[in-house]
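The values are calculated or read from the model by the stated rules, or taken from the named source; none is laboratory data. Small disclaimer: the values here were computed from a predicted structure and weren't measured. Note that we place each Cβ from the backbone using ideal geometry, even for glycine, and neighbour counts take in every protein chain shown. Each accessible area value is taken on the protein alone, full model and side chains, heavy atoms only, with ligands, DNA and RNA left out. Shrake-Rupley method; radii C 1.70, N 1.55, O 1.52, S 1.80 Å.
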Amino acid sequence: HLSHAFNKETGVSLKEYLTELRINAAKSLLKNSNLNITEIALSVGFSDGNYFSGVFKKRTGLSPLAYKKKHGNA
């Protein structure tokens, strides 16, 4: 019921919204921390680093490592 109500109200599925939040949190960690990719994946709610990398690349066009190299200061 919650997922349906959320989708009706926002036009976005709850899963999609949560994934977007997780990717944004990962971007921040990639830019500002020395955590490795697996640690970042786990800290933002992904249980698998490889799955996280695939989702991240699909959403941003860059792998997490490439994103860190391009935008990070760590």
Q) Among 53, 3, which is out of contact with any Gly (no Cβ under 6 Å at 6 or more places or on another chain), among the polar types (S, T, N, Q) and modelled with pLDDT of 95 or more? A) 53
**Q.** Selected residue (only one of 14, 2, 30, 42 is aliphatic (A, V, I, L, M) and in contact (Cβ under 8 Å) with a residue 40 or more places away in the chain)
**A.** 30
(Q) Can you find, within region 47-71, the residue that is farthest from residue 18 (Cα to Cα) among those that are surrounded by 13 or more Cβ atoms within 10 Å (Cβ to Cβ) and of a type in the set (Phe, Trp, Tyr)? (A) 67
Q | Filter result for residue 27 (open to solvent by 70 Å² or more (accessible area, probe 1.4 Å), at pLDDT 95 or above and either touching a Cys at 6+ places or on another chain (Cβ under 8 Å) or assigned to a helix (DSSP H, G or I) (or both)) | A | no
